[in-house]
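No lab work stands behind these numbers, since they all come straight from the coordinates. Since this is a predicted model, take the numbers as computed values, not measurements. Neighbour counts run over all protein chains shown; Cβ positions are idealised from the backbone, glycine included.
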Protein chains: 2
Amino acid sequence: MEFKTIAFDVMGSDKGLIPAVDAAIKLLGERKDLKIIFVGDEAELRKALTKKKYNPEQVEFLNTTQVIEMTDGIMDIRRKKDSSMVRAIELVNEGKADAITTGGATAPFIAGCHFILKEIEGIERPAFMPVIPTIVKDKVTLLLDVGANLECSAEDIEKFAIMANAYAKAIRGIENPNIALLNLGEEKSKGTEMHKEAYKLLSENKSLNFTGNIESRYLASGLVDIIVTDGFAGNMVLKAVEGMGKNLLSEIKAAITKNLFRKLAALRLRKAFKEVGAKFDYKNHAGAILLGANKIAFKSHGSSDAVSFYATLSMTYNAINNDVLNKIKKVLKEG
Amino acid sequence: MEFKTIAFDVMGSDKGLIPAVDAAIKLLGERKDLKIIFVGDEAELRKALTKKKYNPEQVEFLNTTQVIEMTDGIMDIRRKKDSSMVRAIELVNEGKADAITTGGATAPFIAGCHFILKEIEGIERPAFMPVIPTIVKDKVTLLLDVGANLECSAEDIEKFAIMANAYAKAIRGIENPNIALLNLGEEKSKGTEMHKEAYKLLSENKSLNFTGNIESRYLASGLVDIIVTDGFAGNMVLKAVEGMGKNLLSEIKAAITKNLFRKLAALRLRKAFKEVGAKFDYKNHAGAILLGANKIAFKSHGSSDAVSFYATLSMTYNAINNDVLNKIKKVLKEG
């Protein structure tokens, strides 16, 4: 059997390797054509796996002695040659794995992918692209960049749109994805010089279905397929809606369980709340592809738990399964 | 009786002058020491006021023939000398009113305040500062800038902190307000060069209780009294939480009224939902002071309805009542 193989960097995320292992075991049970190479402290890993049930053919280990810490910078990628992150990226580069998934530090991961994997032809700056849940049933919005490039030129923004357009066509099967630019208001005169210039480039690019500016209040409204922005603003709005979702749901929970009368009524609505909670649970959207890297590379939140890691590993598996990379390359070439 | 007087620009907002008038009449009924000078199309205004009950001593009119439109730019402030916005600002400058409130276009308003009112001594760039509701009971957070200055230097950010610090002390009675810088992560190495420099300046300023970086996910968490940021990022996160709040509440409403069984249970939780809804209703927080302008100047959302205008007029009244401007000047002078 030919396996789809993920090199899984299990070190360097905030909650240790236990949630990473739990998530991997769950997905391995569901996807019999998946192999995971656990990259990290092998002794720790074997201990974590002791009582787990899994098909040993689906599991490999690569023991590493170093860890890229959350506080590490770009250059630590060069210094820590035996870190789980570097070794996992190398596995992909050497063709021993089809994709990498990590919950490790962002900046070193971007640097590692740049140094080791390089970029798709024609792309200079890869972007992190998460999938945002929206209020429209079964509709998601692709948002990029959310933190790989804090300051962007108008040309960078246009490239993000081109890449995401290719992704949405190839992977999500959307024929003519509509694209918006994150900005202060709808008028094309809004924003900084960069935004005005990006608006112009996006409007003039005939291969893109650019619909204009979009305000951050409509981020989760499902109005468009793709929202492009610089990585700083993208990171800001993503975390803002995520935090607000969490805050609001916890406020509602507190309000509806304040006394016995309310608790009894709330019990009858448990399913309703579950439905809404599941829709906006960002744990299910914790992963972001590093779009533009020359291999499939996924980053999960640094604070990922087993649910988040499972979601990111699933996205990684789907990306391999859908032959994302070649499809994007093809669309980029053909326009 | 000495009135507190607001020059109220009722033209140029999205929903026309009816909601503006309704809000004003409501507040006039509650605040007998308030006078409102309605600045705009007097015939329209008198028509809108025909059937309203109010004390005529509390109302004046200033008829104007021009309107600053939402699409107008900075220079239209110079061209449209008889616009309601310009004339209202002039009333304040001439001492005929204590403050201005408008729902008109942002950029012209900032320009008008700059040209006509100038800034408080030592301040070059005023900032819009709304009050953000948080999940902590009775706790709000001041956020600035949210759109007056799209690109800021580290020095601008420090000035925002100094002004907001003075405001929080003087108006909100907080002894030693804690201040955070909006950024991608907590580490001081996060963000652009501007953020790193701003972090340094804020840390070194002994008059400020700077607590470090804060991520946008904690915007409504009530962790700090003041959050400083450039106007673009501030605008992005403000509208993002606002939109997410709206989206999530409407999703929940749909889920709990999906069938009769749920509807009946939901009825019993009506009060609980109202409590949460009221807490996060951004209509009650639609106003922002232009902090740093040399007079009290408030901007309400361009799309303000009567609830929003009422909230902004109330904030304006409170600012006059609390002698905001002199208190800030005093703190700025004494440190």
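Return the FRET efficiency for the residue pair A:Ile74, A:Lys330: r is the Cβ-Cβ distance, R0 is 30 Å, and the value is rounded to the nearest 0.05. Don't skip to the answer; put the middle values down first.
Values: r = 31 Å, r/R0 = 1.04.
Efficiency at R0 = 30 Å is approximately 0.45.
What does the C-alpha gyration tensor say about the overall shape of the stretch B:1-153? Classify as rounded when a/c is under 1.5, otherwise prolate if a/b is larger than b/c, or oblate. Write out the running numbers ahead of the final one.
On the way: a/c = 1.69, a/b = 1.23, b/c = 1.37.
Taking the square roots of the gyration eigenvalues as a ≥ b ≥ c, the stretch B:1-153 is oblate.
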Quiz item: What is the Å³ per residue value for the convex hull set by the Cα atoms of the stretch A:75-166?
Solution: 132
Exercise. List the extent of the Cα atoms of the stretch B:127-281 along each of their three principal axes, largest first, rounded to whole Å.
Key: 60, 32, 27
Exercise. Using every Cα-Cα pair within the stretch B:21-77, state what percent have a distance larger than 15 Å.
Key: 54
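If R0 is 30 Å, what FRET efficiency do you get for B:Ser203 and A:Glu119 from their C-beta distance, rounded to 0.05? Don't jump to the answer; show the numbers that get you there.
Numbers: r = 37 Å, r/R0 = 1.22.
The pair B:Ser203/A:Glu119 has a calculated efficiency of 0.25.
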Quiz prompt | Label geometry 7 Å along the beta-carbon vector: A:Ser153 inter-copy distances in nm | solution = 2.5
Exercise. Once every Cα of the protein assembly as shown carries one equal point scatterer and solvent is ignored, give the base-10 log of I(q)/I(0) from the Debye formula at q = 0.08, 0.12 Å⁻¹, two decimals.
Key: -0.66, -1.30
Practice problem: Using only C-alpha atoms and all pairs of different ones, pull out the Kirkwood radius for the stretch B:195-335 in Å with one decimal. | Solution: 18.4
Exercise. Taking the Cβ of A:Leu117 as the centre, find all other residues whose Cβ is under 10 Å away and add up their charges (Lys, Arg: +1; Asp, Glu: -1).
Key: 0
Quiz prompt | Cα centroid of the stretch A:154-172 to Cα centroid of the stretch A:261-335, whole Å | solution = 18
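Once you charge only the Cβ atoms, +1 for Lys and Arg and -1 for Asp and Glu, what is the size of the charge dipole of chain B about its Cα centre, to the nearest 20 debye? Please report the intermediate quantities before stating the final value.
Details: 48 positive and 43 negative charges, 321 e Å.
It comes to approximately 1540 debye.
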Practice problem: Please give the net charge around B:Ala306, taking every other residue with its beta carbon less than 12 angstrom from that of B:Ala306, where Lys and Arg add +1 and Asp and Glu add -1. | Solution: +1
Quiz item: For labels at B:Leu267 and B:Asp33 in the simple 7 Å Cα→Cβ model, what's the distance in nm?
Solution: 4.7
Practice problem: Pairs of Cα atoms under 8 Å, at least six residues apart: use those to get the relative contact order of chain B, whole percent. | Solution: 23
Quiz item: Using a Gaussian network model of chain A with C-alpha springs under 10 Å, which one of A:Lys52, A:Lys299, A:Lys80 is most mobile by mean-square fluctuation?
Solution: A:Lys52
Self-check item: Teacher prompt: A:Thr50 distances to equivalent labels in other copies, 7 Å Cα→Cβ, nm
Solution: 8.6
Exercise. Please report Rg over Rh for chain A, where both radii come from the alpha carbon positions and Rh follows the Kirkwood definition.
Key: 0.99
Practice problem: Write down the radius of gyration of the stretch B:214-264 and its Dmax, each obtained from C-alpha positions, in Å. | Solution: 15.8, 48
Exercise. Give the Cα extents of the stretch A:270-322 along the principal axes, in whole Å, largest first.
Key: 44, 25, 17
Quiz item: When each copy gets a label point 7 Å from Cα toward the beta-carbon at A:Arg79, what are the spacings between them in nm, shortest first?
Solution: 5.8
